[in-house]
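Quick notes on the structure that follows.
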């Protein structure tokens, strides 16, 4: 390994350490407890070194969100590339992908929803807002393509696939938020039952040939 390659590898390791440190604080203490000082201490970096790699805690967290979104986009792309195979379970397959995205790292999933609140987005610097937008747009584009295929093939009702895609996704987000709130208050979750009913309702409402059973 040459000098340049070694330096790039060390830079990548330090960036990853900073991201892991920020996420650790977020999971233990919440967003507002995170400071660049705490991140630097946990990552075993000086503050000066940390600022070489990131300008703010928000930049660190958004990098984590983007990496998570890239995983999500990759899983959605696999569904689209194999859409003929999933044709008869397209809705269920999409929903399973959503669940896998959540389960891969629930904390980053929740953090992403936090950063997509209107008041938070408005207060972000333009370059961070653009990073979030670009990452989210990639995911949305693939979701729209999957649903567009479903509409074109007569699997879903004839409608604007972009709108239908948003209805499906926001329904999932709403259920996740509801179950998260239930767990916080009661330390119980009924996600599987709620999920199964949601899919059943969707199938009878948006499929051209609803299940008669």
(request) Working only within region 15-25, note down all residues that are within 16 Å of residue 41 (Cβ to Cβ) and buried (at least 17 other Cβ atoms within 10 Å of the Cβ). (result) 17, 18, 19, 21, 22, 23, 25
(request) Could you please find all residues in region 16-54 being closer than 19 Å to residue 112 by Cα and touching a residue at least 40 places away in the same chain (Cβ under 8 Å)? (result) 18, 19, 22, 23, 26, 27, 31
(message) Among the listed residues 107, 196, 160, 152, identify the single one that is closer than 23 Å to residue 71 by Cα and in the same structural domain as residue 72 (by TED's automatic domain parsing).
(response) 107
(request) Hey, could you check region 1-35 for residues that are at pLDDT 95 or above and in a loop (DSSP other than H, G, I, E, B) and say which is farthest from residue 106 (Cα to Cα)? (result) 35
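Restrict the check to region 36-46 and report whether at least one residue is closer than 30 Å to residue 142 by Cβ and either modelled with pLDDT of 95 or more or within 26 Å of the chain's Cα centre (by Cα) (or both).
The answer is no; no qualifying residue exists.
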(request) Would you mind finding the one in 121, 142, 146 that is touching a helix residue (DSSP H, G or I) at 6+ places or on another chain (Cβ under 7 Å), surrounded by fewer than 17 Cβ atoms within 10 Å (Cβ to Cβ) and part of a helix (DSSP H, G or I)? (result) 121
(message) Could you go through region 45-57 and let me know if any residue there is surrounded by fewer than 13 Cβ atoms within 10 Å (Cβ to Cβ), assigned by TED's automatic domain parsing to the domain that holds residue 11 and in a loop (DSSP other than H, G, I, E, B).
(response) yes
(request) For region 149-160, name all the residues that are at pLDDT below 95 and crowded, with 18+ Cβ neighbours inside 10 Å. (result) 155, 156
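The values are calculated or read from the model by the stated rules, or taken from the named source; none is laboratory data. What you see is a predicted model, and the numbers here were worked out from it, not measured in a lab. Positions of Cβ are backbone-derived with ideal geometry, glycine not excepted, and every protein chain shown enters the neighbour counts.
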